[in-house]
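Below is one structure, written out as C-alpha cells; the observations come after it.
The values are calculated or read from the model by the stated rules, or taken from the named source; none is laboratory data. Computed from a prediction, not measured in an experiment: that's the story for all the values here. Cβ: placed from backbone, ideal geometry, glycine included. Neighbour counts: every protein chain shown.
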Amino acid sequence: MIPEKILWKVYAGALGAVTTIVSQKVVEGVWKYVTGDDETPQPDDPEVSTTKALSWALASGIGIAGSQLLMHRFVNKRWMKFSSVNPITGKDFKDKNDD
C-alpha cells in the first residue's frame, strides 16, 4: 500500500473517531432538549418503554450514521483533491481532463 494512502487511512480513522464522539454528544443534547428528560434512555432497561427505546435507537443511529456519511464524503473529497484519484473507484480523474 502506498505510504500516503496509509497515512490517509489513519487520518480518516482519527477523524471518524472524533466525529462519532462529537455526534453522540450532539444527539444526546438534542434528545434532552426535545424530550425534556435529564438523561438519555437506556434501551436495554425493561422499565423504559419500547417506544422510547426505539425512538432513541433511531435518533442515535440516524445522527451518527449521518455524521459518518458526511465525514467520509469530506475525507474522500480531500483525498481526490490531494491525489487526483477517486478513493472509491480508483479512477484517476486527471486523465479525463488531459484529453
Leu15 surrounded by 11 or more Cβ atoms within 10 Å (Cβ to Cβ), among the aliphatic types (A, V, I, L, M) and more than 24 Å from Arg73 (Cβ to Cβ): no
Does any residue in segment 65-86 that is within 25 Å of Val26 (Cα to Cα) come within less than 7 Å, Cβ to Cβ, of a residue that is surrounded by 14 or more Cβ atoms within 10 Å (Cβ to Cβ) and at pLDDT below 85 six or more places away or on a different chain, and which pairs are these? Asn76/Pro87
Counting only residues that are in contact with a strand residue (DSSP E or B) (Cβ under 8 Å, 6 or more places away or on another chain) and not β-branched (Val, Ile, Thr), which one in segment 63-85 is modelled with the lowest pLDDT? Ser84
I'd like the residue in segment 1-51 that is of a type in the set (A, V, I, L, M) and touching a residue at least 60 places away in the same chain (Cβ under 8 Å) and, out of all such residues, is farthest from Met80 (Cα to Cα). Leu15
